[in-house]
Amino acid sequence: MSVASASAHSPQLECPAEQAVYRLQTDDGPLEIGFIPATTFISAASDLYLYLTTMQRTYWFSFSVSNGYSGMTLHPVSDPVAASAEGTSPRELLQEYFGKVEDPVENEIWSSLRFYALDTEMNFLFEPPLSGELAPAYVMAPEIGLTLWYQPQALTEDATAERDSIPRGIFSLIECLPEPRDKVKL
């Protein structure tokens with residue numbers, strides 16, 4: 001699967017994070033990332049959920065940020081806009097996937113869930129997007145494909161999920177929705 005080269009021009013869109021749409025074009029079709037506002041507390045790091053839509057399905061994540069030499073990590077969650085999640089927080093999928101048994105694969109999956117946000121000058125940002133703040137120009141989770149290839153069931157509620165092949169790449173801000181995604185059907 002090859003990826004279309006990144007544009008040499010910085011995106012000129014200024015958009016609130018909760019209305020931003022990012023794309024990475026592949027030979028198999030577009031991949032999309034965006035954010036929706038949470039209706040209940042999800043994380044001290046961000047009040048937004050991130051979705052990643054591939055050719056097979058949509059994956060959902062919350063954010064965490066480490067202390068010290070900071071980094072952002074995605075936490076897979078159940079669909080926060082599903083009827084079953086109304087009025088509650090989505091479930092933490094990795095806790096369910098691994099249960100109480102310690103598994104060395106769990107650390108490998110966590111390392112594949114690093115998230116990066118960049119400004120128009122390609123400088124790394126150190127905080128995840130927040131509602132009402134300007135969206136980053138670019139976002140990426142370059143190692144997530146490892147887990148989507150070998151253990152996609154860890155990142156979705158679908159226990160029968162098959163390999164989901166996505167390339168490493170940078171998602172560019174390509175659209176600003178007229179209203180936040182939670183009011184627009186995915």
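Within the range 167-182, the presence of a residue that is among the small types (G, A, S) and in contact with a helix residue (DSSP H, G or I) (Cβ under 8 Å, 6 or more places away or on another chain) is excluded. Among residues of the range 59-83 that are more than 16 Å from E106 (Cα to Cα) and free of Cβ contacts under 8 Å to residues at least 12 places away in the same chain, none has a Cβ under 9 angstrom from a residue that is open to solvent by 30 Å² or more (accessible area, probe 1.4 Å) and hydroxyl-bearing (S, T, Y) at a sequence gap of 6+ or on a separate chain. Within the range 159-175, being part of a loop (DSSP other than H, G, I, E, B) and either aliphatic (A, V, I, L, M) or farther than 30 Å from E14 by Cβ (or both) holds for A159, T160, A161, E162, R163, D164, S165, I166, I170.
The residues of the range 119-157 that are part of a strand (DSSP E or B), touching a residue at least 12 places away in the same chain (Cβ under 8 Å) and open to solvent by 60 Å² or more (accessible area, probe 1.4 Å) amount to a single one, L134. Within the range 161-177, being out of contact with any strand residue (DSSP E or B) (no Cβ under 7 Å at 6 or more places or on another chain) and closer than 23 Å to S78 by Cα holds for A161, E162, R163, D164, S165. Here H9 meets each of (1) open to solvent by 20 Å² or more (accessible area, probe 1.4 Å); (2) closer than 16 Å to Y138 by Cα; (3) at pLDDT 85 or above with one exception, condition (3).
When we screen S70, S84 for residues that are modelled with pLDDT under 80, part of a loop (DSSP other than H, G, I, E, B) and out of contact with any strand residue (DSSP E or B) (no Cβ under 8 Å at 6 or more places or on another chain), the only hit is S70.
The values are calculated or read from the model by the stated rules, or taken from the named source; none is laboratory data. Quantities reported herein were computed from a predicted structural model and do not represent experimental measurements. Cβ atoms come from the backbone with ideal geometry, glycine included; neighbour counts cover every protein chain shown. SASA here: full protein model, heavy atoms, side chains in, ligands and nucleic acids out. Shrake-Rupley method; radii C 1.70, N 1.55, O 1.52, S 1.80 Å.
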